[in-house]
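S.K.: Below is one structure. I have some questions about it.
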Amino acid sequence: MTPDEARRELGLGPQASPAQIKAAWRRLVSRWHPDRNPDPQAVRRIQRFNEALACLQAATEVNPGSDEAPASPPPSPPAETASDGPLQPSIEQTLVLTLEQAIFGDLQTLAGTLRPVCATCHGSGKAPGPPQACPRCKGRGHIHHVTWFVWGGFTETCPDCAGSGEFQPDCPACKGQGHAAERAWQLRVRLPAGLRSGDVLTVPTPGRESTDPPGEVQLHIQVQPHPLFTWDNDDVLHLDMPVDGFAWMAERWVDVPVPGGWQHMRLRRQHLHYRLRGQGVAARRGESRGELVIHITPVFPDEFTPEQDACFDQLCASLRAHPPAALADWHTRLQDIQPPAV
Ligand SMILES: [Zn+2]
Ligand SMILES: [Zn+2]
């Protein structure tokens with residue numbers, strides 16, 4: 001496969017960067033993975049994509065920093081020469097996190113099952129090595145039929161080898177499947193703080209233990225809705241909270257839930273909205289956390305109990321005895337006016 005053919009195979013233009021090459025390969029291999037794609041050509045396609053990637057990677061190694069094809073023919077694809085095993089398609093997984101896990105990061109164990117690409121045939125399903133002679137045509141590529149209705153018989157192209165005369169037996173390791181037996185994998189991942197829905201994390205495989213995934217794992221992050229907090233489009237966290245109306249009137253301290261704990265907060269009669277800095281979410285990963293905005297609704301009883309009524313009588317009496325300036329001024333202005341008829 002030439003680099004031009006390889007780029008065509010991956011649907012890339014001549015200017016494709018190494019990152020674009022890798023991304024295109026990952027997308028195609030994911031789409032054509034035999035676990036997901038029942039197309040009988042899937043295994044063959046995967047092998048072509050692997051060949052194309054190896055070819056383009058070899059080309060960029062020969063000419064670092066250049067997108068031009070190397071002057072010499074590209075080395076053989078890894079299907080025939082590599083000893084590190086075949087390139088394995090990346091595993092895609094969706095990881096649903098709580099808001100707290102997204103904000104603070106977490107240690108997670110990922111697990112799944114998959115069928116790795118066969119290490120013997122690199123996914124082709126065919127035995128490595130030179131082709132053998134086609135058993136049907138004995139390597140001739142055509143078959144001669146002797147019949148009574150055509151003088152001397154006639155010759156047709158061998159349907160088994162399509163005229164090539166060659167026959168490649170099935171891979172003995174995977175019995176022609178192109179992939180090894182299904183196996184479970186497991187991976188411990190430390191998630192960074194400050195994740196959000198839509199983030200994609202690429203986790204490389206350690207590749208040491210038999211339970212490690214064969215290739216890298218692509219984690220698609222989803223943050224589930226929180227029962228208390230709302231994450232708005234401007235990356236501000238909100239909390240709607242009813243509070244004891246009397247505590248609000250009396251400007252008492254209350255405990256407010258924040259992600260990961262509680263915070264002591266003093267209510268103010270003038271305020272229904274409070275901003276707690278550093279208790280929200282980061283606008284971008286690695287940045288410091290933003291605000292949590294608390295919207296309070298002071299709640300009063302529909303009807304006062306006799307005890308509450310008695311308390312209010314006391315409060316009213318004390319206010320009459322020691323009126324604030326605005327009330328005292330008002331009473332002064334009313335002095336010369338006839339009081340209301342009782
Ligand atoms: Zn095989
Ligand atoms: Zn044949």
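S.K.: Compute log10 of I(q)/I(0) for region 229-299 with the Debye formula, placing one identical point scatterer on every Cα and leaving out solvent, at q = 0.13, 0.20 Å⁻¹, to two decimals.
M.R.: Log10 of I(q)/I(0), two decimals: -0.38, -0.79.
S.K.: Size of the dipole of region 229-299 about the Cα centre, Lys and Arg at +1 and Asp and Glu at -1 on the beta carbon, nothing else charged, in debye to 20?
M.R.: Computed about the Cα centre, the dipole is about 240 debye.
S.K.: Taking the full set of protein chains and a 1.4 angstrom probe, give the accessible area of HIS271 in square angstrom, rounded to the nearest 10.
M.R.: 90 Å²
S.K.: Sticking with this one: By accessible area of protein heavy atoms, probe 1.4 Å, what ranking do TRP231, TRP262 get, highest first?
M.R.: TRP262, TRP231
S.K.: What number, rounded to the nearest 500 deg cm²/dmol, is the helix-based mean residue ellipticity at 222 nm of the chain, given -39500 (n - 2.57) per DSSP H run of at least four residues and division by all its residues?
M.R.: Calculated at 222 nm, the ellipticity per residue is -7500 deg cm²/dmol.
S.K.: Let me ask another. Could you list which residues have their amide H under 5 Å from that of SER197, counting only those 5 or more apart in sequence or on another chain, with H placed in the peptide plane?
M.R.: Those qualifying (amide H under 5 Å, at least 5 residues apart or on another chain) are VAL223.
S.K.: Related question: Per residue, how much accessible area does the chain show when a 1.4 Å probe rolls over the protein heavy atoms, in square angstrom? Don't skip to the answer; put the middle values down first.
M.R.: Values: 21260 Å² over 342 residues.
Per residue, the chain has 62 Å² of solvent-accessible surface.
S.K.: Okay, moving on. For region 202-211, in order, what is each residue's ³J(HN,Hα) by Karplus, 6.51 cos²θ - 1.76 cosθ + 1.60 with θ = phi - 60°, in whole Hz (x at glycine and Pro)?
M.R.: Per-residue couplings from phi come out as 9, 10, x, 7, x, x, 9, 8, 5, 8 Hz.
S.K.: If you don't mind, there's one more thing I want to ask. Expressed as a whole percentage, what fraction of the accessible surface of the chain belongs to carbon and sulfur atoms when a 1.4 Å probe is rolled over the protein heavy atoms?
M.R.: So the carbon and sulfur contribution to the accessible surface is 53 percent.
S.K.: Just the accessible area for MET1, please: 1.4 Å probe, Å², rounded to the nearest 10?
M.R.: That residue has around 60 Å² of solvent-accessible surface.
S.K.: Multiply the residue gap between PHE312 and GLU209 by 0.36 nm, knock off their C-alpha separation, and tell me the result in nm, one decimal place.
M.R.: Gain on stretching PHE312 to GLU209: 29.8 nm.
S.K.: What's the ranking of 275-281, 232-238, 314-320 by average number of surrounding C-beta atoms within 10 Å, highest first?
M.R.: Highest mean packing first, the order is 275-281, 232-238, 314-320.
S.K.: Which of rounded, prolate or oblate describes the chain when judged by the alpha-carbon gyration tensor and an a/c cut-off of 1.5?
M.R.: It is prolate, given that a/c is not under 1.5 and a/b is the larger ratio.
S.K.: Which whole-number percent is the relative contact order of the chain (Cα, under 8 Å, 6+ apart)?
M.R.: Answer for the chain is 13 percent.
S.K.: Quick check: with the 1.4 Å probe, what order do TRP185, TRP32 take by accessible area, largest first?
M.R.: Correct descending sequence by accessible area is TRP32, TRP185.
S.K.: Now for a different question. Given CYS316, PRO225, HIS264, which one lies farthest toward the positive end of the charge dipole of the chain, if we put +1 on the Cβ of every Lys and Arg and -1 on the Cβ of every Asp and Glu?
M.R.: Towards the positive end, the residue furthest out is PRO225.
The values are calculated or read from the model by the stated rules, or taken from the named source; none is laboratory data. Bear in mind the structure is a predicted one, so any value in this text is a computation, not a measurement. Cβ: placed from backbone, ideal geometry, glycine included. Neighbour counts: every protein chain shown. For the accessible areas, the whole protein counts, side chains as well, though only heavy atoms, and no ligand, DNA or RNA atoms are used. Shrake-Rupley method; radii C 1.70, N 1.55, O 1.52, S 1.80 Å.
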